[in-house]
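Remarks on the structure that follows.
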Amino acid sequence: MTIMTCPAATATRAACTDGCTIDPALRAHHDRLLTVEHDADEVLELMELAVTWGELEYADEPLVGPDRWIEFAATHVWVDADRAERIFSLAADVAARSAVPVRIAA
């Protein structure tokens, strides 16, 4: 999967590609995710969501879930594609691990 970078001269924020098929009900979260490249608070929100994904019930929340974060990154054009890939890959990995029970050695 290739994540695209906007030409620096024209890029100031992420943008959708034709592959972005986000449900309109998720638009607010979608738009927040588009800001993670340049908004540290949104990165923190994404990481908090990832850490708690396996512990809390988010079924009724209008959120783009971790199972779609890598696809989300790939269906948008970013100012810095490498940074976007790192952010969404890390968040997806954290969310996947949050669903696995932690075993404590006796």
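The values are calculated or read from the model by the stated rules, or taken from the named source; none is laboratory data. In this text, all values refer to a predicted model and were calculated from it rather than measured experimentally. For neighbour counting, all protein chains shown are included, and Cβ atoms are generated from backbone atoms with ideal geometry for every residue, glycine included. Heads up: the accessible areas ignore ligands, DNA and RNA and are worked out on the full protein's heavy atoms, side chains in. Shrake-Rupley method; radii C 1.70, N 1.55, O 1.52, S 1.80 Å.
Details
- Residue in region 38-53 that is farther than 15 Å from V94 by Cβ, touching a residue at least 40 places away in the same chain (Cβ under 8 Å) and touching a strand residue (DSSP E or B) at 6+ places or on another chain (Cβ under 9 Å) present: no
Listed here are the residues, each with its yes/no results for (1) among the hydrophobic types (A, V, I, L, M, F, W, C); (2) within 22 Å of T2 (Cα to Cα); (3) modelled with pLDDT of 95 or more.
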residue	(1), (2), (3)
D18	no, yes, no
A28	yes, no, yes
H38	no, yes, no
V43	yes, yes, yes
A50	yes, no, yes
I70	yes, yes, yes
W78	yes, yes, yes
D93	no, yes, yes
V100	yes, no, no
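- Candidate set: region 27-36, residues that are touching a residue at least 24 places away in the same chain (Cβ under 8 Å) and over 9 Å from the mean Cα position of the chain (by Cα); chosen: the one least open to solvent (accessible area, probe 1.4 Å): H29
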